[in-house]
Amino acid sequence: MSFARIAASALAVRVSSSATASARHPSLRAVAPASRFTKPTQTLARSVTTMAAAGDEKTAAIEAHLKGMANSGEATIFDKIIAKEIPSDIIYEDNLCLAFRDIAPQAKTHFLVIPKIRSGLTQLSKAEEGHKELLGHLLYTAQKVAKQEKLDQGFRVVINDGVEGCQSVYHLHIHVVGGQQLSWPPGC
Ligand code: AMP
């Protein structure tokens, strides 16, 4: 399946689940008006996914929260990426982690660094003593891949945690964004 088609079908799933979730969760009505997602989807996959992601991350985070993803132990989309069951743009891999480009980039360069084995690390706040080495490795890898991506002028590292942190995928991941001038503070 082409990247464009995957992106379009992912958007379609998100649109319908957003409608269901907004019926159940009042705050979703404010962040995900249906009309926002009723535009034609024949545009390039990249712009479609970026448009969806711009206002939809909050919706996705609330949906994941409502589904109890934080504590369900359920596999996530990242397990499929690790198993190479779905296509992804992998830019780095070693025995402990994987880095791949975010499907809905929020900057010119946007990739994720994830552990290959989640081992309870659904989110940063679940970290335990035994995770310290892995966490260090993930952070070290983030800067290593940033260099590989030629982010010589700087970059930003973000870990979203939990519903209020706007986390939508419950498999710990480090966002690395850059390749352009960023602003601060981020959206609050
Ligand atoms: P967060 O909202 O911090 O949980 O981030 C999850 C990130 O995963 C979002 O930036 C999504 O765009 C990204 N994402 C979700 N599915 C995929 C995928 N199949 N390939 C690449 N990135 C993805």
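Tell me whether the range 73-188 comes out rounded, prolate or oblate; compute the Cα gyration tensor, take square roots of the eigenvalues as a ≥ b ≥ c, and use a/c under 1.5 as the rounded threshold. Intermediate values should be presented prior to the final figure.
Numbers: a/c = 1.44, a/b = 1.26, b/c = 1.14.
Rounded shape, in that the Cα axes give a/c under 1.5.
Using the Cβ of THR122 as centre and a radius below 14 Å, the other residues enclosed give a net charge of -1, where K and R count +1 and D and E count -1.
If each residue's Cβ is checked for other Cβ atoms within 10 Å, how do CYS188, CYS97 rank with the fewest at the top? It would help to have the intermediate numbers written out before the result.
Details: CYS188 3, CYS97 22.
Listing CYS188, CYS97 from fewest to most nearby Cβ atoms yields CYS188, CYS97.
By other beta-carbon atoms within 10 Å, ranking GLU128, GLU149 with the fewest at the front produces GLU128, GLU149.
Derived scalar couplings between HN and Hα for the range 86-98 equal 10, x, 7, 9, 7, 10, 7, 8, 9, 5, 9, 8, 9 Hz in order, rounded to whole Hz, by the Karplus curve 6.51 cos²θ - 1.76 cosθ + 1.60 (θ = phi - 60°), x for Gly and Pro.
Spatially, the range 85-127 and the range 145-184 are offset by 11 Å when compared through their Cα centroids.
Amide H contacts for CYS97 (H built 1.01 Å from N in the peptide plane; partners 5 or more residues away or on another chain; cut-off under 5 Å): LYS116. Under the convention that each Lys and Arg Cβ holds +1 and each Asp and Glu Cβ holds -1, the size of the dipole of the range 125-165 around its Cα centre is about 240 debye. The lysines whose alpha-carbon is closer than 23 Å to the alpha-carbon of LYS116, local same-chain residues fewer than 8 away aside, are LYS80, LYS84, LYS126, LYS132, LYS144, LYS147.
Only the coordinates and a few stated rules stand behind these numbers; no lab work does. On a predicted model such as this, the values are computed, not experimentally measured, just so you know. Heads up, the Cβs are rebuilt from the backbone with ideal geometry, glycines too, and the neighbour counts pull from every protein chain shown.
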